[in-house]
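Peer 1: Mind looking over this structure? Questions follow.
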Amino acid sequence: MAKISKFLIISLGVFLLLISLAHAASFDAKVTPIKDKIVVDETAEFDITIENNLDTDQEYIIKKAGYPFWDMYTEPLQNPITLNVPAQSSASIRIFVHPLYITSVDTYTLAVGIILESTGQEQKVPITIGIKSTEPLIGGYIPTVLTSTFIFPEKIDPRKEFTIKIDLNNQNVLNYPNITIKIESNLFKDQIYIPLGPREEKSVEIKKKLDDMTPPQLDQIVVAVFKDERLIVNPIVTGYEITEYSTQEELPKDESFLKIRKGTKVISNNPNYKGTIKVETSQLKNLFLSANPKADTVKENDKMYLVWQVELDNERKMEAYTTENYRPIVVAAVLVIIALVLYFVFRSPIIVRKSIANVGTTEGGISEAKIVVRVKNRSANQITNIEVLDNLSHIAHVEKEISIGSVQPHSVLQHPKKGMLIKWTIEALEPGDERVLSYKMKSRLPILGEFNLPAANARCKIGDRVVISNSNRVSMGG
């Protein structure tokens, strides 16, 4: 019985030893320092390498150590910190260690646990950190002010105010009677001073307004927090955007007699802005409309428009004008009226018309014809002593004839240059009355082709003015 008990005990011991050896050999871990000597407000870096001795892929958990005096993390953050290692292989992970409440220069060792997730087996690996200076401490504490920055709206219209919000969270018992917040961007700079008490949370809002003509762009603001001249919060960068805008407004009308000048102004903060100005018009209105600068005429949806392509000047604006000018048509109408008035005032009161009748031919040419001259008084007054003259070329002569209803010439004279001069005298002509004067022309030889007769004329004296009226010219043959 005793022999059996002793055998069991020995067997159990051997079994536990084998299990222990198997566990001990399942993985190995080591630490490689990257940055192990730091100032108290810096961050140490280490690579932890795990070698998987098993024939299957394994996952390992790396336990944080040293809290609350130390903070241990990865980038990107993991919680918990894990590492997958392929079978019969190794893998590494970068660990960052930051002191939280360390107040003296010394060497510190943290025992980091490495756990095989499938079995729970754990190994401890040492991480040794040397603190070479505690100068950054204030009152025994590392200044820790969590800071975040917001801009709203993120897309800024430069014509409107926007807000920069800065949230501050003092993580320890330090009292800051006066901290400096510096804000800088490509477009503005600002600096404010505020107190921040122990473990106090505070929000600061700053209203800003840019120049209206600030062009569209992407920009960033950089916010940094200082105690005296010492930077206690690393610069925080936040992006924002200046957006494009454009406005179109009607300019005041300029109205004068029968003339209206209208204008439209376009303004944009983008010097390369592309757009159009449209003004409704019509075909009738276009007759009296001018545009400055020159515009195109387009038709849309049965409506007509004047259209300008916007080209901004150095002040990032453009003005387009239309002028409705009805003066020319009124001036033209007035001139027509004046001309008519002058015509009726100064026109000759006598109308003289000349015609040909009873044309006779011989041997294919004109041999004779009757010349009729009609004289009419179109005025409202009686006209007296009217002298009527007509002339005839040397190739013909005048024969007397008696015609009922017509007045025969009083005299026929020979003129060396003009030929035959035929003269009538009308003693009086009542308003609206007409006299018919005639004579018979006979050619010495047959006239071939076209034969032109000069105009007859009538003259009289009305008051101190001598009035002369000429008839039309007539031709025959041809």
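Peer 1: Under 1.5 on a/c is rounded, so check that first for the stretch 246-327, then, if it is not, pick prolate when a/b is larger than b/c and oblate when it is not; a ≥ b ≥ c are the square roots of the alpha carbon gyration tensor eigenvalues.
Peer 2: Because a/c hits 1.5 or more and a/b fails to exceed b/c, the stretch 246-327 counts as oblate.
Peer 1: Student exercise: in the stretch 348-477, how many lysine pairs 8 or more apart or on different chains have Cα atoms under 16 Å apart?
Peer 2: 13
Peer 1: Still on this model: Could you order the peptides 234-240, 352-358, 437-443 from most to least packed, using the average number of other C-beta atoms within 10 Å per residue?
Peer 2: The most tightly packed comes first, giving 437-443, 352-358, 234-240.
Peer 1: Follow-up question, since we're still on this one. For the stretch 334-478, calculate the relative contact order in percent as a whole number, restricting contacts to Cα pairs under 8 Å that are 6 or more residues apart.
Peer 2: Across the stretch 334-478, relative contact order equals 31 percent.
Peer 1: Which entry in (1) -0.52, -1.36; (2) -0.44, -1.17; (3) -0.87, -1.20 matches log10 I(q)/I(0) by the Debye sum over Cα atoms at q = 0.08, 0.13 Å⁻¹ derived from the coordinates of this structure?
Peer 2: For log10 I(q)/I(0) by the Debye sum over Cα atoms at q = 0.08, 0.13 Å⁻¹, the calculated option is (3).
Peer 1: Here's a follow-up. Which value in deg cm²/dmol, rounded to the nearest 500, describes the helix-derived mean residue ellipticity at 222 nm for the chain, given -39,500 (n - 2.57) per DSSP H run of n ≥ 4 and division by the residue count?
Peer 2: -3000 deg cm²/dmol
Peer 1: Above 18 Å lies some portion of the pair distances; for the stretch 348-477, what is it as a whole percent of all C-alpha pairs?
Peer 2: 53
Peer 1: Given the options Gln408, Leu421, Ser443, identify the residue whose Cα lies farthest towards the positive end of the charge dipole of the stretch 405-444 (+1 on Cβ of Lys, Arg; -1 on Cβ of Asp, Glu).
Peer 2: Result: Ser443.
Peer 1: Pairs of alpha-carbon atoms within less than 8 angstrom and 6+ residues apart define the contacts here; what relative contact order does the chain have, in percent? Working shown, then result.
Peer 2: Numbers: 1059 pairs, mean separation 38.7, N = 478.
With pairs under 8 Å counted, the relative contact order is 8 percent.
Peer 1: What is the sum of charges, Lys and Arg at +1 and Asp and Glu at -1, for the other residues whose Cβ falls under 9 Å from the Cβ of Ser471?
Peer 2: Working: positive: Arg353, Lys354, Arg374, Arg473; negative: Asp390.
Charge balance near Ser471 sits at +3.
Peer 1: Just how large is the dipole of the chain about the Cα centre, in debye to the nearest 20, putting +1 at every Lys and Arg Cβ and -1 at every Asp and Glu Cβ?
Peer 2: 4000
Peer 1: Ok, one more. How far is the Cα center of the stretch 184-228 from the Cα center of the stretch 420-478, in Å?
Peer 2: If we compute the Cα centre of each part, the gap is 105 Å.
Peer 1: Could I ask something else about it? Within 10 Å, count the other beta carbons around each residue, average over each peptide in 254-261, 273-280, and list them highest first.
Peer 2: 273-280, 254-261
Peer 1: In the chain, with Lys and Arg counted as +1 and Asp and Glu as -1 at Cβ, which of these residues, Ala29, Met213, Thr56, has the Cα nearest the positive end of the dipole, that is, farthest along it?
Peer 2: Projecting each Cα onto the dipole axis, the largest value belongs to Met213.
Peer 1: Additional query: Straight-line reach from Lys278: which aspartates and glutamates have Cα under 17 Å away, leaving out those fewer than 8 places along the same chain?
Peer 2: Result set, ordered by chain and number: Glu249, Glu250, Asp296, Glu300, Asp302, Glu311, Glu319, Glu324.
Peer 1: I've got another one for you. So if each residue of separation counts as 0.36 nm, and I subtract the Cα-Cα distance between Lys207 and Gln88, what length gain in nm does that give? Walk me through the numbers before you get to the answer.
Peer 2: Details: separation 119, 0.36 × 119 = 42.84 nm, distance 6.12 nm.
Between Lys207 and Gln88, full extension yields 36.7 nm more.
Peer 1: Collect residues whose amide H, placed 1.01 Å from N in the peptide plane, falls under 5 Å from the amide H of Leu54; neighbours closer than 5 in sequence don't count.
Peer 2: Result for Leu54 returns Gln88.
Peer 1: Considering only Cα-Cα distances, which of the following residue pairs are longer than 30 Å: Lys208/Lys253; Lys155/Lys294; Lys207/Lys262; Lys155/Lys265? Let's see the in-between values first.
Peer 2: Working: Lys208/Lys253 36 Å; Lys155/Lys294 36 Å; Lys207/Lys262 39 Å; Lys155/Lys265 25 Å.
Over 30 Å apart, Cα to Cα: Lys208/Lys253; Lys155/Lys294; Lys207/Lys262.
Peer 1: Which of the GluC sites (Glu not before Pro) found in the stretch 342-397 are in a DSSP loop and have at most 10 neighbouring Cβ atoms, other than their own, within 10 Å? Write out the running numbers ahead of the final one.
Peer 2: On the way: sites: Glu363, Glu368, Glu387; in loops: Glu363.
Answer in residue order: Glu363.
Peer 1: Can you list the lysines whose alpha carbon sits under 27 Å from that of Lys63, skipping same-chain ones fewer than 8 residues off?
Peer 2: Lys30, Lys35, Lys37, Lys124, Lys132
Peer 1: Just add up the charged neighbours of Glu51: K/R +1, D/E -1, any other residue whose Cβ is under 15 Å from the Cβ of Glu51.
Peer 2: Computed value for this residue: -4.
Peer 1: Mean separation of Cα pairs under 8 Å and 6+ residues apart, divided by the residue count of the stretch 246-327: what relative contact order is that in percent?
Peer 2: Once divided by the residue count of the stretch 246-327, the mean separation gives 39 percent.
Peer 1: Would you mind counting up the charge near Arg378? Only other residues with Cβ under 15 Å from its Cβ, with Lys and Arg at +1 and Asp and Glu at -1.
Peer 2: Neighbourhood net charge equals +2.
Where a number appears in this text, it was derived from the coordinates with a stated rule and is not lab data. Keep in mind that this is a model prediction, so the values were computed, not measured. Glycine gets a Cβ as well: all are built from the backbone with ideal geometry, and neighbour counts include every protein chain shown.
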